[in-house]
Each structure stands twice: as structure tokens, then as C-alpha cells.
1. Would you call residue 18 part of a helix (DSSP H, G or I) and either loosely packed, with under 13 Cβ neighbours inside 10 Å or within 15 Å of the ligand (Cβ to nearest atom) (or both)?
2. Enumerate the pairs (first residue in the stretch 180-201 and without any contact (Cβ under 8 Å) to a residue 60 or more places away in the chain; second residue anywhere and more than 16 Å from the ligand (Cβ to nearest atom)) with beta-carbon separation below 8 Å, excluding pairs fewer than 6 apart on the same chain, so at least 6 apart or on different chains.
3. Take residue 53 and tell me if it is over 29 Å from residue 132 (Cα atoms) and either of a type in the set (A, V, I, L, M) or within 16 Å of the ligand (Cβ to nearest atom) (or both).
4. Scan the stretch 202-217 for residues that are within 16 Å of the ligand (Cβ to nearest atom), more than 18 Å from residue 161 (Cα to Cα) and either of a type in the set (Asp, Glu) or assigned to a loop (DSSP other than H, G, I, E, B) (or both) and jot them down.
5. Can you name the residue in the stretch 175-201 that is under 21 Å from the mean Cα position of the chain (by Cα) and more than 11 Å from the ligand (Cβ to nearest atom) and is also surrounded by the fewest Cβ atoms within 10 Å (Cβ to Cβ) among such residues?
6. Does residue 27 qualify as being crowded, with 21+ Cβ neighbours inside 10 Å and within 16 Å of the ligand (Cβ to nearest atom)?
7. Filter the helices (runs of 4 or more DSSP H) completely within the stretch 32-144 down to those with at least 3 residues that are surrounded by fewer than 18 Cβ atoms within 10 Å (Cβ to Cβ), touching a residue at least 12 places away in the same chain (Cβ under 8 Å) and under 21 Å from the mean Cα position of the chain (by Cα).
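The values are calculated or read from the model by the stated rules, or taken from the named source; none is laboratory data. This structure is a prediction, so every number in the text was calculated from the model and none was measured. Heads up, the Cβs are rebuilt from the backbone with ideal geometry, glycines too, and the neighbour counts pull from every protein chain shown.
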Amino acid sequence: MGLDDIEGLEVEEIARKIESMEIRGAAEIARAGAYALKKIGEDFENEDMTDLLEELETCKVRLLSTRPTAVSLENGLRYVMHGVRKADDIEQLKEMISDNYSDFIDNSIRAKSKIAEYGGRRISDDDMVLTHCNSSMALAAIKYAWNNGKNISVIATESRPKKQGYITVEELSKEGIPVTLIVDSAVRAKIKKVDKVYVGADTIASNGAVINKIGTSQVALCADEARVPLTVCAETYKFSRKSTFGELVPIEERDPSEIVDPKKFPGVNISNPVFDATPSEYIDSIITEKGVISPEGAYRIIEEMIR
Ligand code: RUB
């Protein structure tokens, strides 16, 4: 579900769609969150600036409660709110929110096409690429390679429990890209045939660790063992400034019923962490809109964001 599908929706409806994962993927939830703030500005009817700022803050808190792991959401909201407290009057405040929103969306779209280009160029003719979950950025790079005449094929993991791998295989086969679906536990059995692993990110920490869909770190271990390079495709708004100051990235734990009906196993604990962290030593490169960096370069990206 993209921006076109949420046009006109209220903040609470958007928040619920993010929680239920109808809106999902770190890039898409950031755009949807930014849209929710813009909508507040557009719909606000009284003339009191303080009231509007308060409403925006309340909305921010609600949106941030939806999916705690993706820093893209927080960075998107921060972008829309940038400088708004300095507005002279309500009209200027509304204009700033709307302009910041448009800038964020434009940058996000431009970032995707740059990442597609830089990431796509690094995929060679006849490569077999493995991807995990459903990352719009990783898939953009894969599609770029294919659309530029590279004869590639893809292995896509199912990505339990929500099976975002189904979205991936549908998306790639619609483009005509040869794609094979595997269960997550088949990665090690298949990795020797694979030339490159391409994944996305929800958050990148200052030490270069990448937080992405649960299982990414296992894919990374298998890739490392088989000497297959792992590439992460992520816009710079997925880098976490808070991680520089020692804050750990919270890992979202979702309802056990996404795995199995808990009533089937009375007395059994069912745990459903939906993201994990891949340490920098397992990552070959990170493709951002600013260029291809090594994971050790994450701190520099964050430093530029803070300046
Ligand atoms: C999605 C996921 C994706 C990243 C990057 O998890 O882990 O790999 O969000 O996606 P979920 P993108 O389905 O739980 O949201 O590149 O589209 O931002």
C-alpha cells in the first residue's frame, strides 16, 4: 500500500494500517507517517499555532508507537517538523509542513532511483541474487540490472511469519525476472549457487550494524561462510543518529498468533521478534543515494545528518 492508497486518510487510520502492516516496509511507512503530519496541517482549522504544534506532537507520538524498529519513520517525521517552531504565524507554519513533506517525498523517490542505479550496476550478467523479505530498495536495484540487459535470476526467501517473500516473487515475476521461492531454512542449502545477496534495511546503526527482517543475520552468516558478498540497499534516512549516542535499536516483537494459533499449544511460549541485527563484519557494502559505502562509513553519514 503506497501513498496513493492513503490519500485522504486520517492519522489514526494511517497508524492502524502501519500497525497491521497493510502499509509496510521501512520506506513506505516513513512516507505514510510524513503524509499523516501533512494532513494534520491541511485539516487544521483554528488559528492557534500552539494548538497545531501540540496536535502534530501527539500525532508523532502515535505514529512512532506503531512500529518501533524502523528509524526511517522517525527520520521522516523529523524531516517534516524541521524548523516549524520558528514559523511567524499559522499560515507560515502550515506552509512549512507542506513544503517539508514535499521535499521529503521528492528526496525519497530520488534516493530510490539512485540506489537502483548504483546497486543495479554492481550486479553482473548471469548473476544469481538472493534476497530476503521484501525491500523496495533491494528490488529496485535488481530490476535496474534486469532492465539494463543483465541476464540475472533471483532466489527469494519466504520470510516467515508474514511471508513478504510472496510479494517479492510476484513483483519480480511480473517483470519477467526468473525467480525461485525457497523457505527461509533453505538458504544454506542454496547459497553456494548464489553470486550476491541484496537486502534492505529498517535501521542502520553508527557501528555499521544493519537491522532488517528477522532472519537477515542468518542469511548473512551463510553468505559469509560461502564467501558471497552481502549488499544492503538503504536511503540515508534509515541511518540512526540515536545509535551514535548509545541508544540501542528496539526490536519489534509482534503477536504470537502471526506464527501459529497459541491455543494449539497451551502452556507454550511463542516468541515473534520480527527484526534482527547483522553486524558490520558480515556486510560487504551499503548502497545509499549518496553512493556506495562500507558499513564502517555509517558513522560519517550520521555525522552529516547531525551537522
Ligand atoms: C520489511 C523489511 C524490509 C525493510 C526495507 O519488514 O524488513 O527489508 O523494511 O524495505 P516489514 P524498503 O514487512 O515487517 O515492514 O527497502 O522497502 O524500505
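1. Details: part of a helix (DSSP H, G or I): yes; either loosely packed, with under 13 Cβ neighbours inside 10 Å or within 15 Å of the ligand (Cβ to nearest atom) (or both): yes.
So residue 18 passes the test.
2. What qualifies is 180/153; 182/190; 187/222; 188/222; 188/225; 192/226.
3. Numbers: over 29 Å from residue 132 (Cα atoms): yes; either of a type in the set (A, V, I, L, M) or within 16 Å of the ligand (Cβ to nearest atom) (or both): yes.
It is true that residue 53 is over 29 Å from residue 132 (Cα atoms) and either of a type in the set (A, V, I, L, M) or within 16 Å of the ligand (Cβ to nearest atom) (or both).
4. To start, the set of residues in the stretch 202-217 that are within 16 Å of the ligand (Cβ to nearest atom) comprises 202-205, 209-217.
Keeping just the survivors that are more than 18 Å from residue 161 (Cα to Cα) gives 203-205, 209-210.
The answer is 205, 209.
5. So in the stretch 175-201, the residues under 21 Å from the mean Cα position of the chain (by Cα) come out as 184, 196-201.
Subset that is more than 11 Å from the ligand (Cβ to nearest atom): 184, 196-197.
On the way: 184: 18, 196: 23, 197: 28.
Taking the candidates together, the pick is 184.
6. Working: crowded, with 21+ Cβ neighbours inside 10 Å: yes; within 16 Å of the ligand (Cβ to nearest atom): yes.
Yes, satisfied.
7. Numbers: elements: 49-64, 71-81, 90-121.
The qualifying helices (runs of 4 or more DSSP H) are 90-121.
Residues checked against (1) more than 18 Å from the chain's Cα centre (by Cα); (2) under 24 Å from residue 108 (Cβ atoms); (3) hydrophobic (A, V, I, L, M, F, W, C):
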site: 231; (1), (2), (3): no, yes, no
site: 253; (1), (2), (3): no, no, no
site: 262; (1), (2), (3): yes, no, no
site: 269; (1), (2), (3): yes, no, no
site: 291; (1), (2), (3): no, yes, no
